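Let me begin by presenting the structure, written as structure tokens, before commenting on it.
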Amino acid sequence: MRLAVFVLAAAVALARPTLSFALPTPIPHPSQTPPPDLAQPSPTPLPLLINGQVIDIERGFIVFSSGDAFRLAPSASFVDAATGAVPRYPLLPGIFAVAALDPNTARITQVRTSLHPLPMGTPAAQIPHQYVAEASTPQPNPDLVPPKGLYATRLSGGMTQVAFTVEVPPDTPFTDSVYMATDTSAWNPQAVKMQRIDGRHFRIQMRLPGGTRFSYLFTRGAWSNAERDRAGLERSPRRLLVSGADVQIIDATVYRWADLP
Amino acid sequence: MRRAFASGCRLFRAMAHAPRALATFVAIIFIGVATTTARADQEAIPVSRSRVVVSADSVAYYSDQAIVQARGAVRVRLDDGTTVTGDAFSMDMGLQRFLVVGHVHLVTPAGSYDGAAFADFLPFRRVYFVPLDPAADRWTFLNGDYAHPEKGRIMPGDAFFLPDVSQIRPYIRAKGAVIDPVSSVSFDAAGFVLFNGALQTPPVGPYVYNFSPSYDFRINSLSGASFDAPYDFAGSDNALSTLHYRYDAQRHSYLSFEQHLLFDRGYTVFSLNPATQKQKQWNLLAYDRASSHSAISVQAQLFTLQNGFSTPTSSSGFADLQYIVALPHSGARLDLTQAYENLLGTATTPNHPFVAGLAWSGFDEPIFRTGLEYRLLSGIARTHDVYGVSGSGSHDVWSDYLGGTVYTPVFPGPFHTGVNASFTVQRTWLSFPNTLDTQIFSASDSKRLTDKAYLVASYIVTSAHTNNLNLTIASPNFATGLVPQPTSATGLPFVLQGNAAATDRLAQLTASIAPSASFQFSLTGQHNHYTPALSGGAFPDQLIGDVRARISKTLFVDVQRAYVFSTHAFSPQFIVQVSSQ
């Protein structure tokens, strides 16, 4: 009986080529290939290339500056990305690397290193967690969620043209210059010289990155003739947060100088 | 009102006869300052001010990026007893974050851990740690609790990023540093990398790099020198000790010392200048923000002649104490000044003079809806001198003054110019008797040539008149109304230049170009006309050029030179100044 089933199955298998002509011709469809950034892992995945700054290699792990640790294969090799040879520099924390990870074993098989950032691979922080060596299940971090409505403007980090105009008291000597002292210049009383534009006003324009924050005060070149408040008391520093806008205009008034009545 | 004025006068008469009381008062103020400082030291240190003590084979400070990096056998100790060792250390002073990476061994009061990286975000009290033993993981320690790590908590993407400093040179190299994240870094034996690496000094001793946001550390009590190189050799978040190498044409090379002490409401600055020469000047500046609407200010100077720190052969000085208070729409200043002729205690010469006074200054107020504004000034003071005030026979002289300024805003003028003017008048009554009148008129016309170029023409007339040239006072006391005006060419009232009446007419034309903050140029032509003519010391016609240009990321050079038409030569003063931005 078993022999009969085997013979029948063999006969069907041998007969398949002759049956295939009966199948309908497939209808062509538009390509369903997704764009590269939406690509699904291939059934036989290629090695993942992990890019980042390496901060530690020990105990069979390579750790990137994002805090992601990956297991090293026992035969993992280290080569210089430019020459392909063994690096001539020590592998100290801070070197840059592209590590090839075998998805089947979740281990790093080769590390190409450089003293400068490398332009290939996927940043370590974006590698799926299944390949990262971590004992605990990832938990959300509420510190990283920006509170809504905190910022009225977007701090882009782009350059902003900031124009400072200051009106000085009428007794300001015409022969004197006016300066801005800032905390970023260690409060040098002559850090930023301003341009006189008329009998009462001085002005300066600076290009500053959005998000820059600093404190400043106006002086006539020394702390003995720095600005005072209207009553003649020392005033607290003025503060500036550079917005992400293209242009920011700051108008200020000095009511009194320390050395004048 | 009149009664209040009379009682005020009685108060000042009483004070005028009490120089010892002034000295006692000053002493009380100093003691109060010292007490406040001591109390501030005992306050709890917030987490953001925790010190980070780091030692390593190499510790470097990159001033351009405000980064401290250490390499090789790194050991970090925190104020709570936690120690971290590893291969590399980096601290970003702007972010107030430090990290230790590579073969990290963490020892905390709650236990020891081995891992790959440790990052402490000080202002947020968050410590991120990557343990590798027994398995790789992500731990977050919250609020200094090392016993209960939050395991698996996602970390910031750059939690352990080590800034790349391979393309920049450090400013300081050392073996160890104590970092106060909000004010300073103290290096043990610091070596300096200067002139873009062309000069590297051997370790020269302890050095403090102060980057405190408080400008109180920058208050300068040293009088001018042609060259000044400060070296901060000790400090903390509220103190800074500085040695200055200085040079000037009169005293040549010498060393000076300056000490800053900060407390909650103000500062004290002490200096000895020069410290290495026989003729010494001891300075003290103090400012106490007593409340939101009042402050106490002290300025004292002591002049001694002594070899080293031996007993001085002469000693004199002065002290000025001010109490400044904000009033409705005005401010007032109580000003007491005592000069000390001889402080050796060996002579019977009494100290003189003593000036006590009260100055009042109004806010700028509009004159109806005309666009004009005015400001009023007044003051009353009494000068006491046992030898006679200003060499006169009067031992006590009252001085009262009343003044005011009227000024315009900048009006649109012809040819798209901006025009403005101001007029200041002041009369001082002296009980010699004598009077002193001063007037200052200024007008300017400005023209915007381009967005970066301006032309400003100004005309200033300053005049002064007194009935008796020999019966005047020049005093640093604000309340006398006789403070030497900086607008004067010599820094003194004109009447003290040998004339009972004098007038200076200054015409000035300035062209300035400032394409950016990195380059500025101005050319000023000015004509002074003194009546009567001055015997010397002032140039009637000058052309003054000033160029300020960036020479590095943080340094500027400012060059100023004047051409004097009367002598057909450049002025002897050639100003070259390098400053940081």
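None of the figures in this text is laboratory data; all of them are computed from the coordinates on show. These numbers come from a predicted model, not from an experiment. All Cβ positions, glycine included, derive from the backbone under ideal geometry; neighbour counts span all protein chains shown.
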Worksheet item: What is the log10 of I(q)/I(0) for chain B, computed with the Debye formula using one identical point scatterer on each Cα and no solvent, at q = 0.13 Å⁻¹?
Response: -1.42
Worksheet entry | Segment B:Ala533-B:Thr83, extension gain: residue separation times 0.36 nm, minus the distance between their alpha carbons | 154.5 nm
Worksheet entry | Between 0 and 90°, nearest 10: helix B:2-16 axis offset from chain B longest Cα axis | 70 degrees
Response to the item:
In Å, the Kirkwood estimate of hydrodynamic radius for region B:69-184 over Cα pairs equals 14.6 Å
Response to the item:
Contour minus Cα-Cα span, A:Asp176 to A:Thr83, at 0.36 nm per residue, comes to 27.4 nm
Worksheet item: Taking the Cα centre of each part, how many Å lie between region B:283-332 and region B:375-403?
Response: 21 Å
Response to the item:
The farthest towards the positive end of the charge dipole of region B:376-450, of the residues B:Ile380, B:Ser392, B:Phe411, given +1 on Cβ of Lys and Arg and -1 on Cβ of Asp and Glu, is B:Phe411
Item to complete: Just add up the charged neighbours of B:Gly418: K/R +1, D/E -1, any other residue whose Cβ is under 14 Å from the Cβ of B:Gly418.
Response: +2
Item to complete: Would you tell me the mean number of C-beta atoms belonging to other protein chains that fall within 10 Å of each C-beta in B:158-168, as a whole number?
Response: 4
Worksheet item: What shape does region B:199-282 have by the C-alpha gyration tensor, where a ≥ b ≥ c are the square roots of the eigenvalues, rounded means a/c under 1.5, and otherwise prolate means a/b greater than b/c and oblate the rest?
Response: oblate
Practice prompt. Taking the Cα centre of region A:45-131 as origin, work out the dipole magnitude from +1 charges on Lys and Arg Cβ and -1 charges on Asp and Glu Cβ, in debye rounded to 20.
Written response: 100 debye
Item to complete: Find out how many positive minus negative residues lie around B:Gln277, taking Lys and Arg as positive, Asp and Glu as negative, among other residues whose Cβ is under 15 Å from that of B:Gln277.
Response: +3
Fill in: Exercise: per-residue mean of other protein chain Cβ atoms within 10 Å, B:128-134
4
Worksheet entry | Ordering of B:515-523, B:383-391 by packing [mean C-beta count within 10 Å, highest first] | B:383-391, B:515-523
Worksheet entry | Using alpha carbons only: equivalent-ellipsoid semi-axes of region B:105-166, gyration tensor based, whole Å | 19, 14, 12
Discussion item. Taking beta carbons within 10 Å but only from partner chains, what does the mean come to for residues B:360-368?
Written reply: 2
Discussion item. So, R0 is 51 Å and r is the distance between the beta-carbons of B:Leu509 and B:Asp114; what FRET efficiency does that work out to, to 0.05?
Written reply: 0.10
Item to complete: Would you compute, from DSSP H runs of 4+ residues alone, the mean residue ellipticity of chain B at 222 nm, taking -39500 (n - 2.57) per run and dividing by the full residue count, rounded to the nearest 500?
Response: -2000 deg cm²/dmol
Worksheet item: What Kirkwood hydrodynamic radius do you get for region A:45-131 when you take the inverse of the mean 1/r over all pairs of distinct Cα atoms, in Å?
Response: 12.6 Å
Item to complete: Have a look at B:Tyr146, B:Phe217, B:Ala198 and report the one farthest towards the positive end of the charge dipole of region B:118-238, computed about the Cα centre with Cβ charges (Lys/Arg +1, Asp/Glu -1).
Response: B:Ala198
Worksheet, complete the sentence: The distance between the Cα centres of region B:75-137 and region B:333-367, in whole Å, is 57 Å
Practice prompt. Would you please calculate the Kirkwood hydrodynamic radius of region A:93-227 over all C-alpha pairs and express it in Å, rounded to one decimal?
Written response: 20.6 Å
Fill in: region B:352-538 - convex hull of the alpha-carbon atoms, volume per residue in Å³
158 Å³
